[in-house]
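Note sheet for the following structure.
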Amino acid sequence: MLLEAKNIYSNRPSKNLNQKKYGFFKISKNIDQGAFQLDLPEKWMIYNVFNEDLLTQYKKPQFKNQHMKLVLPPDIINK
């Protein structure tokens, strides 16, 4: 799953430099209707349960030369 970076704060100097989505994360548990627990990196000091509106399922690209670059997640700041 891909996680929307909407409410995630990083140590980058500007929010415009952040990624729009982070991923790929595995769903470890279905908490409730519309809430999922993700396996996040241990250095992320944020709560790991997210609403389904913030999650997007990864789709393979339609064309052979297209690919999604795996971006390493930044250090997350807990606000």
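Worth a mention:
- Cross-chain or 6+ apart pairs with Cβ under 9 Å, segment 43-60 first and touching a residue at least 40 places away in the same chain (Cβ under 8 Å), then among the basic types (Lys, Arg) and surrounded by fewer than 12 Cβ atoms within 10 Å (Cβ to Cβ): 54/6
- Here 9, 47 are screened, and the one residue that is at pLDDT below 85 and among the hydroxyl-bearing types (Ser, Thr, Tyr) is 9.
- Considering only residues in segment 1-56 that are among the small types (Gly, Ala, Ser) and not in a loop (DSSP other than H, G, I, E, B), the one that is surrounded by the most Cβ atoms within 10 Å (Cβ to Cβ) turns out to be 23.
The values are calculated or read from the model by the stated rules, or taken from the named source; none is laboratory data. Bear in mind that the values here come from a model prediction, so they are computed numbers and not experimental data. Cβ atoms come from the backbone with ideal geometry, glycine included; neighbour counts cover every protein chain shown.
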